[in-house]
1. If Lys and Arg each add +1 and Asp and Glu each add -1, what is the summed charge of the other residues whose beta carbon sits under 10 Å from the beta carbon of A:Phe116?
2. For chain A, rounded, prolate or oblate, judged on the Cα gyration tensor with a ≥ b ≥ c (square roots of eigenvalues), a/c < 1.5 rounded, else prolate if a/b > b/c?
3. Where the centroid of each part is defined by its Cα atoms, how far is the stretch B:48-109 from the stretch B:395-426 in Å?
4. Find the centroid of the Cα atoms in the stretch B:257-297 and in the stretch A:152-182, then give the distance between the two in whole Å.
5. Looking only at other chains, what is the average number of their beta-carbon atoms within 10 angstrom of each beta-carbon in A:150-158?
6. Taking K and R as +1 and D and E as -1, what net charge do the other residues with C-beta under 11 Å from the C-beta of A:Thr196 add up to?
7. Considering only DSSP beta bridges whose two residues both sit in the protein assembly as shown, what percent are antiparallel, to the nearest 5?
8. With +1 on each Lys and Arg Cβ and -1 on each Asp and Glu Cβ, and nothing else charged, work out how big the dipole of the stretch A:110-230 is about its Cα centre, in Debye to the nearest 20.
There are 2 protein chains.
Amino acid sequence: MTGSAALFTDRYELTMVDAALLDGTAHRESLFEAFARRLPDGRRYGIVAGTGRMLDLIERFRFEDAELEFLREHGVVRDETLDWLADYRFTGEIWGYHEGEAYFPGSPLVTIQGSFAEAVMLETLVLSILNFDSSVASAAARMVSVALGRPIAEMGSRRTNERSAVAAARSAYIAGFDATSNLEAGRTWGIPTMGTAAHSFTLLHDTEEAAFRAQVEAMGPGTTLLVDTYDIRTGVETAVRVAGTELGAVRIDSGDLPTVAAAVRRQLDELGAVRTRITVTSDLDEHAIAALASAPVDAYGVGTSVVTGSGFPAAGMVYKLVARRGDDGEWVDVAKASTNKLSVGGRKNAARRLDSTRTAREELVFVGDGPEGEDEFAADDQLRPLMVHLMHEGRADAAYTGHAGVEAARAHRDEVMQELPIEAFRLGRGDAVIPTSYR
Amino acid sequence: MTGSAALFTDRYELTMVDAALLDGTAHRESLFEAFARRLPDGRRYGIVAGTGRMLDLIERFRFEDAELEFLREHGVVRDETLDWLADYRFTGEIWGYHEGEAYFPGSPLVTIQGSFAEAVMLETLVLSILNFDSSVASAAARMVSVALGRPIAEMGSRRTNERSAVAAARSAYIAGFDATSNLEAGRTWGIPTMGTAAHSFTLLHDTEEAAFRAQVEAMGPGTTLLVDTYDIRTGVETAVRVAGTELGAVRIDSGDLPTVAAAVRRQLDELGAVRTRITVTSDLDEHAIAALASAPVDAYGVGTSVVTGSGFPAAGMVYKLVARRGDDGEWVDVAKASTNKLSVGGRKNAARRLDSTRTAREELVFVGDGPEGEDEFAADDQLRPLMVHLMHEGRADAAYTGHAGVEAARAHRDEVMQELPIEAFRLGRGDAVIPTSYR
C-alpha cells in the first residue's frame, strides 16, 4: 500500500466518472454535502472529527503510475479516463463545520464544490474519515463530560485496526481526552503519550517486587505501578515499599472498581503515600466512569469502548449531490425521492441560535444560500455561524490541518460544550438536545 | 505516517523493554499467546482473520531514523534502548490457527516465542490486527451462511476508517464474500472489485433516462442500473427500455425489500428481462439477509454491518505471557490471578475433535506441550490439529501471506464451516457451539 489515498475509493466512483466523461456531464459544476440523517439512537449530540485528516488526504489525492496500472489491468475505466485520472487534483472549494463542533441531524457538516467528476471521486474517502473519526469523538465527549475533570487516557489501539487506532487517538484527544497510549498518534498528531507496564512485565520477573524494582530503576519513583497481577493488597504494599511514598500512581485493571479503589486509597494513605494517585483501566465506558464519580480515582484509561464509538462504530454520515449546474449554467437543486432515505436538496449554510444565556436552542439550516458569500445573519448576535472555509481552490487552510488543526479542534470543542443545554450531558437515551430547522 | 509499523505500538511496550534491558530480564525467552476469553455475546463461533497481514507487518517491523528520533525527542526510553531498537527484528517463532479457521473461547489463536523484549513489542500490533479482522470475518461468515449461496459484495468502506476498510474487505472475502467495492483491497489483496453507479449519477443528469443511457454507453447493457432514485416502477421500465432485455441487473437501495424485490421481479419478467438480476443493498445485516431468503433476490451488497462486526466491532482478544524461562534456563508457566480476568498459563497445542460424521464436537487445548514437536495426537483420525507454523526465525511461511494467503484462508474457512454442527448457523443468541476442554 503506497502513500496515495486514491484507491481508498469505491469502484463505482470511477465508473461514474468514466461514464460522465463520455457524455460530458463530468464537467458540470456540482455541490456535494456530507451530513447525518439522524444521531446514533438515543444520543443527544454528535462531535465532528476527522476534518483535518480529510483535508490532508484530499490535497494528496493523486493517481500515480501504480494506481493507474491497477485500474488499466482490471479494466475499471476506459483509457481516456485513465489519462484524466493521471491529471487529477481536487481544485474546488470545501466549507464545513469546524472540527470539534457539535452537530445534529441534518447539520451540513461538509460541502464540497467542484466538477462532478472531481467531487464524486472523494465520496468514500470523505465518509470513511468523517464516519469513523466522528464516531470516536462523539463517544469520547460523553466520557469526558462524566469524568468531571479527571484526566482520561485513550488506550484502545489494540481493539481497532492498527491504523484506525491512530485516528481514534486523535479523535479522543479532540473530544477532551488528555493522552493516548499510541506512539504513532504522538508522532503524527503531537498528542501526549503515556504508558508504563503490563501484567506480562510482572510475570516476566521472579517476583512482583523484582518487577517493581526494575521499573522504578528505569523510570523513577514517579512512575505508575500495576498492582493487580496477583493480590492487590500485597501489590500496593510492595509498590510503596519499593518506590517509597513518592510513588506516582498505582494502576488497577480488574475487580469491582469502586470497592477496590476505596480500599487501595485507604491503604495508600495508611502507608503514607497520600499523594500517590490511583488510575483505573478495566473495561471502562461512559457509564462505568459515571459510576466512579464518588470513588477515590484520579485518572481513567479507556480502551475498547472509545475506539469502537461505545455502541455506534460508524456515525451514519452520507455524501449526497444536492445541487449541480445544467448545460444552461443555472444551478439546479437535486435530491433523491426514495421513501425511507430523504435528503434536502440545495446549497446550505448553518448557524446555531443561542439564547440570552448563550445556551444553544436551535440548529438552523439555511437552504439556498451557501456560506461562500456574506452571512446574512452575521450581524445577529444570537446566531453563531457554523461553517468555515476549509479549502480554497484545492488548498487547505493550514489553520485546520496538522498539529495546529488538532489543537484548534480540541479548543473549539471545549467552547462548544459550554454552549450546550445541560440536558445534553445526560447519559440516558433521548432525542437530539436541540431541534434542527430548515429555513 | 511512514510505511513502518513500529509505532503502531502502545508506549508501555517500549517502557517495559527499557526497564527489562536494564535488569537483564529482556533476554528471557518468552511465550506469548493471543486468545479470546469468550465469544461476542450470543455468538456460536468466531472466524480467525488477519494472520496474513500480521505476518507481513511483523516481518517489516523496524525502527528507522524517524521513529528513533521521535522516541529520543520525547524521552520514551533511554539512549541504550534506542540502540537496541535500531537493531530490532523479530527473529522468533510463531504458531497459530490457520487464517479462516473457526475459533472458540480459549483457542490459542497465535503463540509467539522469542526474547521477552522482541515478543512483547508486538502486543498492540498483533491484537489490533486480530481483533479488527476477526470481528469482521466473524460477522461476515454469519451473513454468508444465511445467504444460501447467493453472492454477497462488501461495500462498507465508507462506514469505517479509510485503511481499516481495506482490511475489512479482505476479512469479508476470507469469510466467503465474493467481491468488494474497495479498490485498494483489489490492488493489495487481489480481491475482485465491483460497483457501477450511485444516486448522484442519476441526479447529475437532466433525466433518469439520460443517466441510464450514459452508463450503458460506457459499460454495456450487462451493467447494473440503480433504479430507485425517483420511482422504482418507472426506473425499472426506463432501465429495460434503455438497456434492452440483456440488462445485467438492477440495484435497489431503499424500501421494504421483500415486497419491492417481488414487484420488480414481476415487472422485469413482464418486460421480457427474465435474466436480469436483482441486487439489494439497503442496510443489510445477517438478519435482513435471512428475511430475504424466499424473495427473488440474486445478490446482496452489505455495508455498515459487516465492517463494524455486526454489533461486535472488536473480537475481544488479549495477548498474554504464558511461559518464560528463568535464569536457570527452565521454562516456567505464568498467569495472572486477577479475579475477573483468568488466563491459563503454559505452552499450548490444540485440536478439534470430530465425530464419525466429521462433525466438530470439542475444542481440545493441550497445556504444556506446544505445536513445535510431533503432535502426539496426529495419529488420531478424530483429532484435527489446529496450529500451523506461521513464522520460523522471523520469516513468514509464504503460504500464509499475500494473495496466496488470502485465497488459502478463504478455502480453509469453506472447509471448516462444513465441519461445524448445524446449530452453529442459527442466528439467535446461544453459547459456543462446541465446548473448549483443557488437557
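Every read-out reported here was derived from the displayed coordinates using simple, explicitly stated rules and does not represent laboratory data. As the structure is a computational prediction, the values presented were derived from the model and not from experiment. For neighbour counting, all protein chains shown are included, and Cβ atoms are generated from backbone atoms with ideal geometry for every residue, glycine included.
1. Taking every other residue near A:Phe116 into account, the sum is +1.
2. The shape class here is prolate.
3. Answer, in whole Å: 24.
4. 41 Å
5. Per residue, the average neighbour count from other chains is 4.
6. Charge balance in the 11 Å sphere: -1.
7. Beta bridges within the protein assembly as shown, antiparallel portion: roughly 70 percent.
8. That gives the stretch A:110-230 a dipole magnitude of about 260 debye.
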